[in-house]
1. Give Lys135/Lys169; Lys118/Lys221; Lys113/Lys169; Lys169/Lys221 a once-over and call out the pairs whose C-alpha atoms are over 23 Å from each other.
2. First measure r as the distance between the Cβ atoms of Thr177 and Asn79, then evaluate 1/(1 + (r/R0)^6) with R0 = 35 Å and state the FRET efficiency to the nearest 0.05.
Amino acid sequence: MSLMATQGTYDASAALSQSAAGTQASGQSSNTGKLDMNAFLTMFLTQLRYQDPTNPLESYELAAQLAQFSSVEKLTEVNSNMVKLQSYLMSLNNAQMVQMVGKHVVGQAQTLKVESGKSTSADYQLDVPARVGVKIYDESNTLVRTINVGSQAAGKYQVDWDGYNDAGKKVSDGLYTFNLEAVDGNGNQLGIPATVSGLVYSFRLEQGTAYLILNGPDGIKLPAGNVIEVTSS
């Protein structure tokens with residue numbers, strides 16, 4: 001609500017500016033830059049002191065201002081508590097992920113690992129007959145191999161790659177990603193999720209995202225949220 005002041009005697013804007021300058025250092029949060037309760041009360045009292053006597057604030061207006069600030073303060077406290085709760089739950093989740101080490105997992109991913117010239121495989125499921133193709137990319141996202149699988153009936157299949165590129169040469173060891181392209185009998189593109197599996201070697205946290213590393217220290221990074229099956233090794 002705006003302050004009311006007379007032109008000559010009651011300069012509320014100037015008073016509030018001086019009050020805000022005096023309370024800025026102690027009344028603002030270093031993280032958010034928003035006024036705390038002490039700063040609010042200082043400016044609120046300054047507002048009362050320099051209000052226009054010919055048009056004073058009504059009691060309901062005062063109550064409304066106090067109620068609004070109180071509501072904002074409570075919501076800020078709720079938000080702070082939610083952040084703490086989220087951090088606590090994340091810690092619990094990470095602790096549970098550590099217990100996955102040494103177990104066999106299956107999860108959704110589109111990654112293949114080539115080691116000693118041999119590639120791992122991945123599984124996919126067709127719900128309807130479709131023409132299937134696979135495109136494989138290296139870590140710099142360069143297309144290295146295109147595989148025309150051809151027509152397949154509904155069922156479960158594997159992405160089998162011999163580790164050669166389109167030029168017929170063995171690719172370097174490392175991690176590769178692939179895209180499945182499937183078209184049904186009506187010419188519709190199908191979204192086909194793929195799954196990988198392996199033994200969990202370690203748990204890794206990168207930029208707040210939890211990953212399970214499969215089959216060795218340089219293995220496939222499987223997002224923890226993509227795990228769909230866990231079994232004892």
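FYI, it's all coordinate maths here, none of it is from the lab. Keep in mind it's a predicted model, so treat the numbers as computed, not measured. Glycine also receives a Cβ, built like all others from the backbone with ideal geometry; neighbour counts cover every protein chain displayed.
1. Where the Cα-Cα span goes over 23 Å, the pairs concerned are Lys169/Lys221.
2. Efficiency computed from Cβ-Cβ geometry: 0.40.
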